[in-house]
1. Sort A:Trp439, B:Trp510 so the one with the fewest other Cβ atoms within 10 Å of its own Cβ comes first.
2. Cβ under 13 Å from B:Ile201's Cβ, B:Ile201 left aside: what net charge do those residues give with Lys, Arg +1 and Asp, Glu -1?
3. Among A:Val494, A:Val383, B:Val260, A:Val695, which comes first, then next, by fewest other beta-carbon atoms within 10 Å?
4. Taking neighbour Cβ counts within 10 Å as the exposure measure, how do A:Glu397, A:Glu289 sort from fewest upward?
5. Would you mind checking the tilt of helix B:20-36 against the longest principal axis of the Cα atoms of chain B, expressed as 0 to 90 degrees and rounded to 10?
6. If you average the alpha carbon positions of the stretch B:385-399 and of the stretch B:148-220, how far apart do those two centres end up, in angstrom?
7. Name all residues of the stretch B:240-283 having a backbone nitrogen under 18 Å from the label point set 7 Å from the Cα of A:Lys376 along its Cα→Cβ direction, giving them as ranges.
8. Other chains' Cβ within 10 Å of A:681-692 residues: what's the mean?
Amino acid sequence: MARRGVSRRWHVGLQQLASFAHAGSSLLGPVRSPKFVVDGEGPESVLVSSAARLLERLDLSSAVGQLLREAVRAQTDAYGTGAGTLLSLAGAWSSAAAECLHLGVPVPAIVSGMSEGLATCLEEVVALQVPLHTVCDQTDSTQMPAGPGPVGVGVGPFPQSPLGAGLMPKERGLHGTAPQASATSSFSGTPGKSAALFRPQAAAGTDNDPAQTAPTPRTSLRAAPGCRKPALTHSRHCCRAGGAPGTTGRPGGGLEQRAVTPRAHTCKDLAELAAGLSHGDASSMTLAEAALRLQRRQASVRQGGGAVPLTFDVSRVFTCCLPGLPEAASCVCAGFVTAVSAAGTPVPEDVQNRPLRVVLIEGDLTENYRHLGFNKPARAQTVSESTETLRQDGAEELWADRVLQVLAQFRVHLVLARGSVSERLVARCARSKRLLIGWVDGTVLQAFAEASGAAQVAYVTQVNEDAVGSGVCVAFWSGPAGGAGDGAGSRAIVLQAEGVNLVTAVLASPAAAQLQAKEDGFWACARRLHHALQEQTVFLGGGALEFLCLGHLQVLAEQPATEGDRVRSGGLPIAAAPRPAACPALLRPTVLRGLASGWRQYLSTLARNAAGRSSAFEAETFIQRHVQSAADSGSPSSYVLNEYSRLSGGILSPGHSSHPDGGPRVYDTVTPKVEAWRRALDLVLLVLQTDSEIVTGRGHTQVRPQESEGFLFL
Amino acid sequence: MFRLEAKKPSLCKSEPLTSERVRATLSVLKGVLTSCYGPSGRLKQLHNGLGGSVRTTSQSSALLANLSVTHPILKILTTSVQNHVSCFSDCGLFTGILCCNLIENVHRMGLTPTTAIKLNKHLLSLCTSYLKSEVCGCRIPVNFSSTQILLCLVRSVLTSKPACMLTRKEIEHISTLILRAFLLTIPENTKDHIILGKSIIVPLKGQRVIDSTVLPGILIEMSEVQLMKILPFKKSDSFKVALFRVSLSGDLSDTGEGTVVVNYGVSLENAVLDQLLNLGRQLVGDHVDLVMCQKVIHPSLKQFLSMHHVTAIDRVGVALMEPLSKMTGTQPIGSLSSISPSSYGSVKDLCTEKFGFKWFFHLIPNEETVCSLLLGNRNDTVWDELKLTCETALHVLQLTIKEPCVLLGGGCTETHLAAYIRHQTLNKPESILKDGWCTQTELQLTTEAFCSALESLTGSLEHDGGEILTDMKYGHLWSVQADSPSVVHWPDLLSRCGCGLYSSQEELNWSFLRSAQRPFAPQPCLPHEAVGSANNLTLDCFTAKLSGLKVAVETANLILDLSYIIEDKN
């Protein structure tokens, strides 16, 4: 065992954290510069465009690197978004903590001061919450295609949202009308084929047709009763009551200022919400929004046309990546889309486009597959009087015979298996006009089990009449409506059933390297939309949150440092003061400034990414000026609300300050954002409090002499 | 071919403690332990240096389990601390540091080991009899009719582990949960002796601490897809349960060295499956509603059971078997042949729960003595630490129910005890000196070594250059920040003592702990009103601390007593 101490003044862990975070700084915000990660030894290279993917590729074998990777992975697994924020703030705060150490602030004071500071900021940013109770899908019924089928929303190569307009004014000018046109065409057109192909579906669709084509306002009201509620004009009191209780007893009468809240902040339209949450990736958000609409329509059909709550169940959404097709071929389809390789699965003509009886297998469909936990007897010999019956491949033939017999007996033409499928069996089934598909996700099987009435079984021998489902249709994927997917050919197949709760986003890109990034982008948008609708609130984003925190910390730090107790009762609510030892009043301003510098760095990175390196200085002066005026105004929150458009414009598109009405709003999800902050600070404080590494299992001999400096042995 | 090799001679070292190397490694170990001690202790990153998982901790059990020490003396020390921790969970660092301090002090003062060992034993017995006596000034009886003291105890355990990364609000939440989980394990109708139930910690890694909760009964994690397959449950007041320890996956029992020979056309698998289906028929005939298996259930048996509306849950895992059997009153079944009806048990209700993105199958018991503590924390390393801390806190509560009193924490017990011992040996040395085997001077020196070992232990609570003071009335500990002005009015600088019982506004005299101590008699017998009113005390587990003290002194004595180390080099 070896132990390595960490120097008190120059904390190595904090320095490492800061340098890791610096690597990801260009991946923050709506305007990102993707990176190529190149393998130094081989020809491998990967295109990364998110912080989470970057960390997967970096060599982080040091202990701090491992902790960072673990924190980012936990954030990504839980929320699917916020990894960039986490990485950036972890870096900024670790430099800030190192700076505090250098100034001689003791570790417990930094720990308590920073966590107190974050706690008060979290109470403060409640002011920027936008309630979504009244949000409804104003385009609920109009944008529905006339008939169901594998049609979807085509996505043009250019961003269509207003946010995109704000970000890329030049391109917008060049291609002003193109995106509009492509969007309409894909909505209105229904391929002649599909209506005929999906007969059961088509019938259901016709029943709902009048409702679907009715004019907007009345149907949407009927479809979502929530909309009839009188719209809440602003809401901060409600939010406070529901969210974080405990008031900030701010000096200078916070209540009074709160009463004259400048504007009513509500977001009433789903499209507006989606655009605000797209964070610069409008094409992915268009797909996510389309997936949401499709899912709601499916739910509404299942419930007989009734109203369905506005939620987004991402567990029933899948992606299918098709390299080599133009981006315009990306779309959202009802049902499950899976790619078929050119030489792979033959799809017999006869099984296409008619309802089939289906069997769902929850394991492999091979002769030697046994369920999990089954141990094959190692020492069993089979003896026989005649020799030829014992041939090995004979066993598989026999098994295939039996499977085909069962399939024929129950008139099953489609088998979906969770694991692999025996190739010999696939070939024999193709001859008898049956289709076998392997590697189908468990949730997809569950969805088809619900829709078709089938029960999942482990072995074909278990199949009985109750286990067989019906009404599943198979067709070749024909690309989005409007012919954008020409050449889609037989690249993918679509599985559908009446009432199936499944949506697949087909992502196409001519460059295979880009597909991963597109998939990540889609999921980030979908998860953001999901969290926003689940929590029924969003934050006003685009840097406003960070601005408010900066302003608030500035006010706190400027408070005269008097006796500890008075500062505590004046500035911080008791409930928010964390961890046993409170930060001494004399050191508090230093620590709070350190915390603020984290957000300042975050904002200037955003601005720098958006505007290019040249105007970084300009952006920093811009931030400094507004933070000072926010602090001077006495109530940073109302300042931020009043000046919102100017602030977010200044951060996200510096140099283009020509938004008289402020341009589109940007939104952030609540819990993912706040948790990313907490995780970043926790990571920094964890590293800060660590004074030594203990390397297990390495004695004197294993440590190389050049690195043995600083090691102590036991 | 055999080859005989001459045995190497054993290596014999005399007086191991005098060697410079031994002292150096001992002081490294002491440094590691000391820097972890207390609420502002520093953390250690344990990893293998090759990119394995990283554990950040300041707890002795995690630390010592990963330290591989080579020297026999260090081995004695770490093993006895580990043994203490495995029995009492808490006070491991206390034991380790005190032991190191004692060895160091005896050496520094140049005492002869035999006398020091004998005197240490005497001083230890003075300590234990004082701590156990009614007049003890640092012991509080626990009143089980209020939760105040128990909550303080749990909170003290949580705050002393900084690597859990909890805010004050989260500490409050988790302490309440731990106390509730503990109370749920106490059976309602008790006869002569109580048999405590069990609290199971269920991981909710990656979720917020504030989302942690306690539920009565047992939760089994399942994927959503699996759970949907066993839904819906039927409605009933009581569900009959069968619990299998043996695998129902239909595999053959291990044949060992032998070989099974079967005729062509005979399928062993089918034979076993037939046996399983017979078992299924018996279960259905006995009107069992829920079948659970530690290992795997054959899919065909599952299908058969679900056709007869019997819920089947497999892969429960060995960890849940004991609580499941306890809670449902089942005898785990170990064979596939017929089942005796007495091995069935029952549960009150079945339902499903969802926390974050995890789904659980929830068994609600008839009598609640088993509960599940669903614990969340932001990432793996802090979750591991929080889990260990919660286990410690639950164990400490169990120990407290056996011995219903607690000690003042925050270092106050140690300083108080040191003051008491100093006073006793100065004023009543007769009891020790009457046999004449040691002199007054030796007694005074050993007392000084013993007491300053206790005091410098409390000094390890301070990691940022602060000063430790003690008052001359109660003998409690007070700490001052570093760089405080030298000449001050003490009450302005100090607020409360380490355990939080006394405030500096009382008329007290303070002195630095490092400076020479003027012996005084610390005030015995805690005033009742003081204990009743103080809401936010730092407390320590009585049993764990007492045992830690004994283990530390006895281990130190053992190590001081070593005169040879004989190593077998073969």
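None of the figures in this text is laboratory data; all of them are computed from the coordinates on show. The structure presented is a predicted model; accordingly, all values stated were derived computationally and were not measured. Backbone-built Cβ (ideal geometry, glycine too); neighbour counts: all protein chains shown.
1. Details: A:Trp439 12, B:Trp510 17.
Lowest to highest Cβ neighbour count: A:Trp439, B:Trp510.
2. Values: positive: B:Lys198, B:Lys205, B:Lys387; negative: B:Glu221, B:Asp384, B:Glu385, B:Glu391.
Combined, the nearby Lys, Arg, Asp and Glu give -1.
3. Details: A:Val494 24, A:Val383 10, B:Val260 13, A:Val695 20.
Taking fewest neighbouring Cβ atoms as first place, the list is A:Val383, B:Val260, A:Val695, A:Val494.
4. On the way: A:Glu397 13, A:Glu289 28.
Exposure proxy ranking, most exposed first: A:Glu397, A:Glu289.
5. 70 degrees
6. For the stretch B:385-399 versus the stretch B:148-220, the Cα centre distance is 8 Å.
7. B:249-256, B:259-273
8. Numbers: counts 1, 7, 5, 0, 3, 11, 3, 2, 11, 9, 11, 8.
Per-residue shielding by partner chains comes out at 6.
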